[in-house]
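Note sheet for the following structure.
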Amino acid sequence: MIEIAARVSPSLARRELRAIGAAVCFLTRLPLGRLLTVDADDLARAGATFPLVGAAIGALMGAIALLLVHPLGGWLAAVLALAAATLLTGALHLDALADSADALSARTRERALEIMRDHAIGSYGAVAIALDLLLKVGALSTLALHHNVLRAAVAAGALSRAAPVLLASALPYARAETGLGAPLTQGSRTRAAIAAALAAGIAVATAGTHGAIAAGVAAAIVVALAVCYRRWIGGITGDTLGAAVELTEIAVFLTAVGLIGVQ
């Protein structure tokens, strides 16, 4: 029994490490891919660790805003913090949000999927990006001035990165051909549950009761998006998953700002 466990354990550990590496490669632009080659199977297992990577991204954003708020003021601190996070992620989810927003103008499911394939940004997409950035800068600025930005950013990063994992476990891939988000639909529901529990745990551990409330808001957003995506295109795509990250993150930030007002 012990010998069998000793043989299996290193292999399992390597698989899980590759899954973590896949999460980092998928969610950030860190050059980890030069050291580690990951495949679709690794990405399918990576969902459970998405909240950890999201929390790290949020920690960077929150720390920059907190450190710069006194010398530069809330607005500039928020802009620079958001810029750093955008560089780290390569604006991956912003691009997805823009494509999803542009697809809202389509009259048919097929046309919506076609628009998402087009890399050009239309008027809906441009407005979506502008509103996204403005809302985040406003929220980060307010949170930084009230010294709540680090906790809120960590919670938002973790909760928002759990959203695509949950959606991918609940809905089918909407395209006949594979795409960037397709491997996530192959992940087990157990890993999706781990991602949800991990994200909620991080939110509560960092922000206490406010983190629990934010987790509830994030869960409501995921459920609403699941219903909308199923009715709209019959499932998910990489773009709709990325849009879910942005929408959930905004919702958590706005919740954090609203909770300041009721303290």
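Structure values in brief
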| item | result |
| --- | --- |
| Number of positions in region 18-39 that are modelled with pLDDT of 75 or more, surrounded by 13 or more Cβ atoms within 10 Å (Cβ to Cβ) and assigned to a helix (DSSP H, G or I) | 10 |
| Residue that is nearest to Leu52 (Cα to Cα) [pool: residues in region 165-178 that are of a type in the set (Gly, Ala, Ser) and in contact with a Lys or Arg (Cβ under 9 Å, 6 or more places away or on another chain)] | Ser169 |
| Pick from region 113-168, criterion assigned to a loop (DSSP other than H, G, I, E, B) and at negative phi, ranking: surrounded by the most Cβ atoms within 10 Å (Cβ to Cβ) | Asn148 |
| Every pair of residues 6+ apart whose Cβ atoms lie under 9 Å, when the first sits in region 225-253 and is under 12 Å from Met116 (Cβ atoms) and in contact (Cβ under 8 Å) with a residue 12 or more places away in the chain while the second is buried (at least 22 other Cβ atoms within 10 Å of the Cβ) and aromatic (Phe, Trp, Tyr) | Ile236/Tyr229; Thr237/Tyr229; Thr240/Tyr229 |
| Failed criterion for Ala212 (all others in (1) small (Gly, Ala, Ser); (2) in contact with a Ser or Thr (Cβ under 6 Å, 6 or more places away or on another chain); (3) surrounded by fewer than 20 Cβ atoms within 10 Å (Cβ to Cβ) hold) | (2) |
| Per-region count, region 209-235, residues modelled with pLDDT of 95 or more and either under 24 Å from Thr86 (Cα atoms) or among the small types (Gly, Ala, Ser) (or both) | 14 |
| Filtered residues of region 61-87 (kept if crowded, with 17+ Cβ neighbours inside 10 Å, aliphatic (A, V, I, L, M) and either touching a Lys or Arg at 6+ places or on another chain (Cβ under 8 Å) or under 25 Å from Leu166 (Cβ atoms) (or both)) | Met61, Ala78, Leu82, Ala85 |
| Of residues in region 158-208 being modelled with pLDDT of 95 or more and of a type in the set (S, T, N, Q), the one farthest from Leu241 (Cα to Cα) | Thr206 |
| Tyr173 vs. criteria crowded, with 18+ Cβ neighbours inside 10 Å, within 24 Å of Ala251 (Cα to Cα), in contact (Cβ under 8 Å) with a residue 60 or more places away in the chain and touching a Leu at 6+ places or on another chain (Cβ under 9 Å) | no |
| Candidates Gly242, Gly211, filtered to the one that is part of a helix (DSSP H, G or I) and over 22 Å from Arg109 (Cβ atoms) | Gly211 |
| Sole residue being over 20 Å from Ala59 (Cα atoms) and part of a helix (DSSP H, G or I), chosen from Ala192, Ala256 | Ala192 |
| Residue in region 89-112 that is among the basic types (Lys, Arg) and either under 21 Å from Ala139 (Cα atoms) or assigned to a helix (DSSP H, G or I) (or both) present | yes |
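The values are calculated or read from the model by the stated rules, or taken from the named source; none is laboratory data. Since the model is a prediction, treat every value here as computed from it, not as a measurement. Virtual Cβ from ideal backbone geometry, glycine too; neighbours counted across all protein chains shown.
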